[in-house]
1. Looking only at the stretch 209-238, which residues are hydroxyl-bearing (Ser, Thr, Tyr) and surrounded by 10 or more Cβ atoms within 10 Å (Cβ to Cβ)?
2. Which numbered condition trips up Leu162, out of (1) assigned to a loop (DSSP other than H, G, I, E, B); (2) touching a His at 6+ places or on another chain (Cβ under 9 Å)?
3. Within the stretch 57-73, can one find any residue that is at pLDDT 90 or above, more than 30 Å from Lys181 (Cα to Cα), among the polar types (S, T, N, Q) and surrounded by 15 or more Cβ atoms within 10 Å (Cβ to Cβ)?
4. Mind checking which residues of the stretch 39-53 are closer than 19 Å to Trp129 by Cα and open to solvent by 50 Å² or more (accessible area, probe 1.4 Å)?
5. I'd like the full set of residues that are in contact with a strand residue (DSSP E or B) (Cβ under 9 Å, 6 or more places away or on another chain) and open to solvent by less than 50 Å² (accessible area, probe 1.4 Å), limited to the stretch 168-182.
6. What is the residue count in the stretch 212-222 for residues that are under 21 Å from the mean Cα position of the chain (by Cα) and either assigned to a loop (DSSP other than H, G, I, E, B) or within 14 Å of Phe136 (Cα to Cα) (or both)?
7. Of the residues that sit in the stretch 8-25 and are open to solvent by 60 Å² or more (accessible area, probe 1.4 Å) and within 23 Å of Glu173 (Cα to Cα), which one is farthest from the chain's Cα centre (by Cα)?
8. Do any helices (runs of 4 or more DSSP H) entirely within the stretch 1-91 hold 1 or more residues that are under 19 Å from Leu196 (Cβ atoms) and among the hydroxyl-bearing types (Ser, Thr, Tyr), and if so, which?
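The values are calculated or read from the model by the stated rules, or taken from the named source; none is laboratory data. Everything numeric here is computed off the predicted structure, so don't read it as measured data. Cβ sites come from the backbone with ideal geometry, for glycine too, and all protein chains shown count toward neighbours. Only protein heavy atoms, including side chains, enter the accessible area calculation; ligands, DNA and RNA are left aside. Shrake-Rupley method; radii C 1.70, N 1.55, O 1.52, S 1.80 Å.
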Amino acid sequence: CYILLFRAFYTTPGVDPRLISSEWFRNHYKWLVWKLASLEVSFPHDLSGRMLSPHWLLLQMKYRYDREIDRSQRSALRKIFEHDDTPAKTMVLCVSKVFAHEDQRSKEPCGEEEEKTGRLLTVELTDGWYSIGGVFDDVLKYYLRQNTILVGTKLYITGAELVGLENPSPPLEAPSGVYLKMNANSTRRARWNTKLGFQRNTKPFHISLATVLPDGGKVGATALVIARVYPLLFMEKKPDGSKKFHTERLEEIMERDHRCLRQKIIDKICEKERKSFEEDLAKEDVERLSHARKRRRLTQRQIKNLEDGEEIYEALQQSTDPQSFQ
């Protein structure tokens, strides 16, 4: 049946076989069979024997070809694989497989039970178009073991982390070991009819404080109501290491006193420097006056009798008219 559908789809009008591969057809064939079969199982009285048929498979396959190949519309997981969107956005994924396997690539810490068995509980998640592995924290693993999370359970996920894929890659060509890392505080079960993929509101969903788990990882968002506003307090650290708290009014008074004390110290320093400057200026005036009194006027004969350079320099400095001396 698969080979006949594969050949029939390749010869369908509007389908270019050069744009798709056998892996692309096999991947979407798997998810379409799973989707149509689940519809028949969920609604046996209305859809039993009507959905899982070659006719519906070809129609659904052509619809996916038109959207993904002709219109270049990509699903949430494909955008994440190709690094065109972040896995931290709020999205809904469906658990398509639950299995235990030897995880040699994951560096996630194992619980006591997993250390005994050497195996790590892991799930496969899908957005209906492609799939990716999922690694749960200890709380989600507990829900998995308690059958709270089963195959077919839809999960609201926010703040997930993509691990194992450094370079962008198409989902069908991605290396093995790529998975989403999730935690319980950012994961919730969704209704059975919730649309898969990114949600219209991609912001983190709110959870109540009563549901926050200590070992559940980071919380995406929560809604809080301010019940009381306390006055602003200031902490003063003493030189001995002790601490003292002040109210805002007392802090303003202490700050004003500190400014006044600082201004007094500044004024005192300025006054001291001003007096020192005036004293230095007075000393210079006295020395200048004393030096001027020592000056004498030499006659032409006395100037001609000067022979030593030191005597000539001293006479020039003491002369009242250096221009005439020269």
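1. Within the stretch 209-238, Thr211, Thr222 qualify.
2. If we test Leu162 against (1) assigned to a loop (DSSP other than H, G, I, E, B); (2) touching a His at 6+ places or on another chain (Cβ under 9 Å), just (1) comes out false.
3. Checking the stretch 57-73: at least one residue is at pLDDT 90 or above, more than 30 Å from Lys181 (Cα to Cα), among the polar types (S, T, N, Q) and surrounded by 15 or more Cβ atoms within 10 Å (Cβ to Cβ).
4. Result: Leu39, Leu52.
5. Selection gives Pro171, Ala174, Gly177, Val178, Tyr179, Leu180, Met182.
6. 6
7. Arg18
8. Per the criteria, 22-42, 54-65.
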